[in-house]
Amino acid sequence: MNRLFAAIKVNSTASQQICQLQSGFGRDGRIIPKDNLHITLAFFGLTREAVQLELVEAIQAVPKRKFSLCFDTLSIWPNSRLRCLETSQCPQALAELARDLRGLSARYGLHQSLHPYRPHISLQRNLPQTTGQWQTSCALAQPIIIWPSHFQLFRSQLGPSGPHYQPIASWSLHKDG
């Protein structure tokens with residue numbers, strides 16, 4: 001079984017901006033490596049090989065419209081002990097793509113998120129519990145804008161130095177979906 005999720009990998013320009021932002025964080029918590037920066041669309045969880053093949057085929061039929069994202073808020077999610085970038089507005093095309101992919105998760109009996117979709121980029125995990133006493137969000141002086149051209153299905157493999165994300169399928173985003 002593979003641990004799968006659909007996501008948009010952060011491009012190199014945005015990754016450089018994010019790494020610069022991360023360099024100002026304290027040593028508390030674990031910084032997310034540049035190669036692991038992504039925007040999760042849907043988390044499928046542990047998936048049998050046969051279901052994975054069906055899932056890849058089903059994703060082909062999902063409309064895939066282009067959009068841009070403006071990450072303008074630096075947030076701390078105290079309950080998750082996570083520091084992340086968020087958007088103040090979720091583009092409709094992104095919301096629909098995430099909804100459709102989460103629908104496939106339900107159709108195949110895979111992981112079901114209990115939370116509404118919130119596009120974000122995880123920057124730092126395992127923050128100390130005291131982090132909840134800090135300001136939980138602030139506007140970025142320089143927003144980070146991303147124009148994704150595609151999204152991927154990733155396999156997450158846990159290793160001694162943390163997770164490694166291996167792309168196993170990719171789909172282009174189109175102007176007309």
Out of Leu82, Leu101, report the one residue that is surrounded by 19 or more Cβ atoms within 10 Å (Cβ to Cβ), at pLDDT below 95 and of a type in the set (A, V, I, L, M). Leu82
Could you check how many residues of region 112-123 are within 30 Å of Cys19 (Cβ to Cβ) and surrounded by fewer than 17 Cβ atoms within 10 Å (Cβ to Cβ)? 4
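Which of the residues spanning region 53-72 are basic (Lys, Arg) and outside any strand (DSSP E or B)? Full working, then the answer.
Here is the first cut: in region 53-72, the residues basic (Lys, Arg) are 64-66.
Lys64, Lys66 - these are the residues of region 53-72 that are basic (Lys, Arg) and outside any strand (DSSP E or B).
Can Gln157 be described as over 19 Å from Leu41 (Cα atoms) and in a strand (DSSP E or B)?
Values: over 19 Å from Leu41 (Cα atoms): no; in a strand (DSSP E or B): yes.
Considered against the rule, which asks whether it is over 19 Å from Leu41 (Cα atoms) and in a strand (DSSP E or B), Gln157 comes out as no.
Mind checking whether some residue in region 132-150 is in a strand (DSSP E or B), exposed (fewer than 11 other Cβ atoms within 10 Å of the Cβ) and hydrophobic (A, V, I, L, M, F, W, C)?
Keep residues of region 132-150 that are in a strand (DSSP E or B), which gives 137-146, 150.
Next, from what is left, pick out any that are exposed (fewer than 11 other Cβ atoms within 10 Å of the Cβ): 139, 141-142.
Keeping just the survivors that are hydrophobic (A, V, I, L, M, F, W, C) gives 139, 141.
Yes: one or more hits.
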When you check Ile146 against the structure, is it touching a Ser or Thr at 6+ places or on another chain (Cβ under 8 Å), of a type in the set (A, V, I, L, M) and more than 21 Å from Lys9 (Cβ to Cβ), yes or no? no
Residues of region 15-45 being touching a residue at least 40 places away in the same chain (Cβ under 8 Å), touching a Leu at 6+ places or on another chain (Cβ under 8 Å), not in a loop (DSSP other than H, G, I, E, B) and not aromatic (Phe, Trp, Tyr), which ones? Ile18, Leu21, Gln22, Ile31, Ile39, Leu41, Ala42, Gly45
Quick one: what pairs do we get from region 161-176, first residue in contact (Cβ under 8 Å) with a residue 24 or more places away in the chain and surrounded by 14 or more Cβ atoms within 10 Å (Cβ to Cβ), second part of a strand (DSSP E or B) and of a type in the set (Val, Ile, Thr), C-beta under 7 Å, 6+ apart or different chains? none
Read through the list (1) surrounded by 16 or more Cβ atoms within 10 Å (Cβ to Cβ); (2) at pLDDT 95 or above; (3) within 21 Å of Tyr117 (Cα to Cα); (4) not small (Gly, Ala, Ser), then give the number of the only condition that Ile76 fails. (2)
Can you report the number of residues in region 77-125 which are part of a strand (DSSP E or B) and not acidic (Asp, Glu)? 12
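The values are calculated or read from the model by the stated rules, or taken from the named source; none is laboratory data. All figures in this text were calculated on a predicted structure; none of them were measured in a lab. As a convention, Cβ positions derive from the backbone with ideal geometry for all residues, glycine included, and neighbour counts pool all protein chains shown.
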